[in-house]
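Structure first, commentary second.
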């Protein structure tokens, strides 16, 4: 997408993770369903597609529990696209789980992933000079992380998916002679891992190009912390608070609050920010460079952790006894601005936010987030209601961590909150009224960016919930039915976008031309 969005742009979009597409193979991917979804966005005059992290997932299949902050999730690769490219025979991909029903992560790992590996092996054997040169260029451009990630994956399989700190010491500590021997013995397997990442890059780039041609931007997601059991910590232990045996010393979380008397102990290892400062934040620069190669805009998860983070001793079972520790967010973002210029970031500034966090966000011009569902409980929640917004804001009806709007209204809203909703919005006579009432309230607001979860677009109840943070199982599996993209949904949204000036056009100028709001060109 050429050009930066201007401050006055009013954009609207849909939050839908790629795994939630009704793709062939049991899990959403970059295949035909993704292109069909983009066509729906265009018909609905939606100009943003927000996705969750595209990283390879570990235990629990959470996109926020990644094996790498740089690599792509192999399950997002379309086997149909691989067959079209000739890297695997069509008959080989028959019999996979279909387009319907929830994501089947385990079955996809057992049945789809081996086919992707087979296609990667065929690519290594059959690629012509042009494809081989393209692959080599990809490996060169991503050399800072690609080989280490390939080694990490090979070792995970070798040691039956045990965490890296449980591997034999020569591999856990990355002793050079052991890694050299590994390269010699498992070179083919590592090349397959690299080819899989190449497939991911090629298919995602093609989908992004399709979006760009239709004036749809991608809003991606970067989690502030990384998993302990990840290629990132295994490769760069010097950047994290680890002891001599490379065990975490202190870990991440949030303190006790209204929702949890013991807080949340996330368990991610904390950064050695002093080391990152000394290195000019090179690791973060590389991470953001990779993210900007994947997305047009980036949502920074747990933004407040860049100003101060909750530090918990690793031996603590809960988050109660942690403490706030200052982070060098000002220096980090200044460095990123020096390297990249404009920072197309959205700050996830939910939770306990201090004036210092707001000051950091505002200094770098990042919009904060407002969730309509949070606005009706009491006066303290009114900052989430449209009359309190400023233009540099992103408004959501709900997020991937919330119930759907219909599910929230039916299952979660108490009597006092229900009366507040009725007072603020138009009268809600039927359950279905709440969804469009919330969508309209978000779209009409002064917030420049407006995002609707796909479940709200489809008017789904609690059965469409993506994630319940307090539950460790059963999350991330929702997929929409391919038949659900009814033209009426698109036409209703399109009409609302036109009336709320979120369709990409501005009024004719005095000279009679019509300007594209985001690209600044006359059409």
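The calculated Kirkwood hydrodynamic radius for the stretch 179-226 is 13.6 Å, given to one decimal from all distinct C-alpha pairs. Per-residue ellipticity at 222 nm computed for the chain from its helices equals -10500 deg cm²/dmol, with DSSP H segments shorter than 4 residues left out and the rest contributing -39,500 (n - 2.57). Note on residue 289 and residue 468: the extension gain reaches 61.3 nm, defined as 0.36 nm multiplied by sequence separation minus the Cα-Cα distance. Each residue in 481, 503, 296, 131 was given a count of other beta-carbon atoms within 10 angstrom of its own, and listing them fewest first yields 481, 131, 296, 503. For the peptides 306-319, 214-227, 156-169, the ranking by packing is 214-227, 306-319, 156-169, with the highest mean count of neighbouring Cβ atoms within 10 Å listed first. Between rounded, prolate and oblate, where does the stretch 147-188 land on the alpha carbon gyration tensor, with a ≥ b ≥ c its root eigenvalues, rounded for a/c under 1.5, else prolate if a/b exceeds b/c? Oblate is the answer for the stretch 147-188, as a/c is 1.5 or above yet b/c matches or exceeds a/b.
Ranked by how many other Cβ atoms sit within 10 Å of their own Cβ, fewest first, the residues 342, 302, 459 fall in the order 342, 459, 302. Reducing the stretch 385-448 and the stretch 184-236 to their Cα centroids gives an inter-centroid distance of 35 Å. Each DSSP beta bridge with both residues in the stretch 192-317 is either parallel or antiparallel, and the antiparallel ones are about 65%. Centroid-to-centroid, using Cα positions, the stretch 31-96 and the stretch 154-169 are 27 Å apart. Distance between the 7 Å Cα→Cβ label points at residue 214 and residue 326: 4.9 nm. Taking the DSSP beta bridges with both ends in the chain, the antiparallel portion is around 35 percent. Label-to-label distance, residue 412 versus residue 238, with points set 7 angstrom from Cα along the beta-carbon direction: 4.4 nm. Fully extending the segment from residue 39 to residue 486 would add 159.7 nm, taking 0.36 nm per residue of separation and subtracting the current Cα-Cα distance.
Listed options for Cα Rg over 2.2 N^0.38 Å are [x] 0.98; [y] 1.11; [z] 1.03. The value calculated from this structure is the one marked [x]. What does the extension gain come out to for residue 316 and residue 129, with contour length at 0.36 nm per residue minus their alpha carbon separation? Taking 0.36 nm per residue and subtracting the Cα distance, the gain is 61.8 nm. Sequence-distant contacts, meaning Cα pairs under 8 Å at least 6 residues apart, place the relative contact order of the chain at 19 percent. An oblate overall shape is assigned to the stretch 375-418, the ratio a/c of its alpha-carbon gyration tensor axes (a ≥ b ≥ c) being 1.5 or greater and a/b not exceeding b/c. Considering only alpha-carbon pairs that sit under 8 angstrom and 6 or more positions apart, the relative contact order computed for the stretch 1-115 is 30 percent.
Order of 262, 57 from fewest to most other C-beta atoms within 10 Å?
If I rank by nearby Cβ atoms, fewest first, I get 262, 57.
The Rg/Rh ratio of the stretch 202-356, with Rg taken over Cα atoms and Rh as the Kirkwood radius over Cα pairs, comes to 1.00.
Tell me whether the stretch 94-215 comes out rounded, prolate or oblate; compute the Cα gyration tensor, take square roots of the eigenvalues as a ≥ b ≥ c, and use a/c under 1.5 as the rounded threshold.
On the way: a/c = 1.93, a/b = 1.32, b/c = 1.46.
Oblate shape, in that a/c is at least 1.5 and b/c is the bigger or equal ratio.
Our note on the geometry: Cα centres of the stretch 327-376 and the stretch 115-138, 41 Å apart.
A simple packing score, the average count of other Cβ atoms within 10 Å per residue, orders the peptides 229-239, 431-441 as 229-239, 431-441, with the highest score first.
Values quoted throughout were computed directly from the atomic coordinates according to the rules given, and no laboratory measurement underlies them. This one's a predicted model, so the numbers in the text were calculated from it and none came from an experiment. Every residue, glycine as well, gets a Cβ built from its backbone with ideal geometry; the counts of neighbours run over all protein chains shown.
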